[in-house]
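Presented below is the structure to which this report refers.
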Amino acid sequence: MATKGPSSPTQQQQGGSAANKPGLRKPVFVKVDALKPGTTGHTLVVKVVNSNTVLNKKPRNPTFRGPQNQNTRIAECLVGDETGTILFTARNDQVELMKPGNTVILRNAKIDMFKGSMRLAVDKWGRVEVAEPANFVVKEDNNLSLVEYELVNVVEES
């Protein structure tokens, strides 16, 4: 008679239970003034100050079915918290969520550089969620998108 149990060594090592699997990490929320050029993986709670639609483009071939047949919408939104503000580039479905006065959670956000200044963006690996209204006042006089950065190459001489 055969015994019941894990049949291979790998099944024995894994244990087969969900208790051994690592859980999800708790998000580390950062403030706007801690954002630096070229960084990724930020989770922020921000309020939308204003939103301006930059591009609203119809599809090239309306008879074609698929994701290429959707309208392309891009909006630049000024978002911020109690430490400062930054421009957020909202794309397609994100545009509806970015209404002035809304409090949103930006998960896995990244900093893109545009003409030497920082822009916050959330790509397909991130998420934009409307949250409960936050009880902070946005500090509008510290706009990180107005700071201009310049790439400097350092050459070491030997």
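The values are calculated or read from the model by the stated rules, or taken from the named source; none is laboratory data. Owing to the predicted nature of the structure, the values given are computational and were not obtained by experimental measurement. Note: ideal-geometry Cβ built from the backbone for every residue, glycine included; neighbour counts use all protein chains shown.
When the stretch 140-157 is filtered for residues that are surrounded by 11 or more Cβ atoms within 10 Å (Cβ to Cβ) and farther than 15 Å from Val30 by Cα, the ones remaining, listed by number, are Glu140, Asn142, Asn143, Ser145, Leu146, Val147, Tyr149. Picking from residues in the stretch 96-106 that are outside any loop (DSSP other than H, G, I, E, B) and under 14 Å from Val79 (Cα atoms), the one that is modelled with the lowest pLDDT is Leu97. Met98 meets each of the listed conditions (1) within 20 Å of Asn52 (Cβ to Cβ); (2) surrounded by fewer than 19 Cβ atoms within 10 Å (Cβ to Cβ) apart from (2). Evaluating Ala90 against the criteria (1) of a type outside the set (Val, Ile, Thr); (2) surrounded by 17 or more Cβ atoms within 10 Å (Cβ to Cβ); (3) more than 14 Å from Ser51 (Cβ to Cβ) leaves one unmet condition, (3). Residues of the stretch 118-158 that are in a loop (DSSP other than H, G, I, E, B), among the small types (Gly, Ala, Ser) and under 30 Å from Asp93 (Cβ atoms): Gly126, Ala131, Ala134.
Answer yes or no: is there a residue in the stretch 130-151 that is within 17 Å of Pro37 (Cβ to Cβ), over 18 Å from the mean Cα position of the chain (by Cα) and acidic (Asp, Glu). Yes, that holds for at least one residue.
Scanning the stretch 32-74 for residues that are within 17 Å of the chain's Cα centre (by Cα), outside any strand (DSSP E or B) and either modelled with pLDDT under 90 or more than 16 Å from Leu87 (Cβ to Cβ) (or both) yields Ala34, Gly38, Thr40, Gly41. Out of all the residues in the stretch 103-126, which are surrounded by 14 or more Cβ atoms within 10 Å (Cβ to Cβ) and free of Cβ contacts under 8 Å to residues at least 60 places away in the same chain? The answer is Thr103, Val104, Asp112, Ser117, Arg119, Ala121, Val122, Gly126.
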